[in-house]
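Everything on this sheet refers to the single structure shown next.
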């Protein structure tokens, strides 16, 4: 994992959502959350607003296929479902490879 990008590392995180609930790719959602938090956004509203303010270029760079980042409700549902322990392990391996 030492030569992959953060988004590539995040793609290893199993997606707990049903196929119908996978409008936004999980690595893109987690990437948006991480980037927004690094930029000082500390709430779901702030994270969603950050995505909307930076528009299509950021959305596509993170891997959102529709060019649109998720709303607060989608962020909330998604973040409640994924396995934080697995996320932490993936992130730790990625950081260790740096």
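The values are calculated or read from the model by the stated rules, or taken from the named source; none is laboratory data. The model shown is predicted, which means the values in this text are computed figures rather than measured ones. Glycine also receives a Cβ, built like all others from the backbone with ideal geometry; neighbour counts cover every protein chain displayed.
Which residue is modelled with the lowest pLDDT, if the candidates are limited to the range 53-86 and must be crowded, with 16+ Cβ neighbours inside 10 Å and assigned to a helix (DSSP H, G or I)? Step by step, filter the range 53-86, then rank; the result is 78. A single entry from 49, 41 fulfils the requirement of being at pLDDT 90 or above, surrounded by 15 or more Cβ atoms within 10 Å (Cβ to Cβ) and over 21 Å from residue 6 (Cβ atoms): 49.
When we screen 51, 67 for residues that are free of Cβ contacts under 8 Å to residues at least 24 places away in the same chain, touching a helix residue (DSSP H, G or I) at 6+ places or on another chain (Cβ under 8 Å) and on the phi < 0 side of the Ramachandran plot, the only hit is 51. For the range 1-31, the tally of residues that are touching a residue at least 60 places away in the same chain (Cβ under 8 Å), closer than 22 Å to residue 44 by Cβ and part of a helix (DSSP H, G or I) stands at 2. Search the range 22-38 for residues being more than 10 Å from the chain's Cα centre (by Cα) and within 21 Å of residue 90 (Cβ to Cβ), and hand back the single one that is surrounded by the fewest Cβ atoms within 10 Å (Cβ to Cβ). This residue is 38. Screening residue 90 with (1) crowded, with 18+ Cβ neighbours inside 10 Å; (2) within 21 Å of residue 3 (Cα to Cα); (3) at pLDDT 90 or above gives one miss only, at (3).
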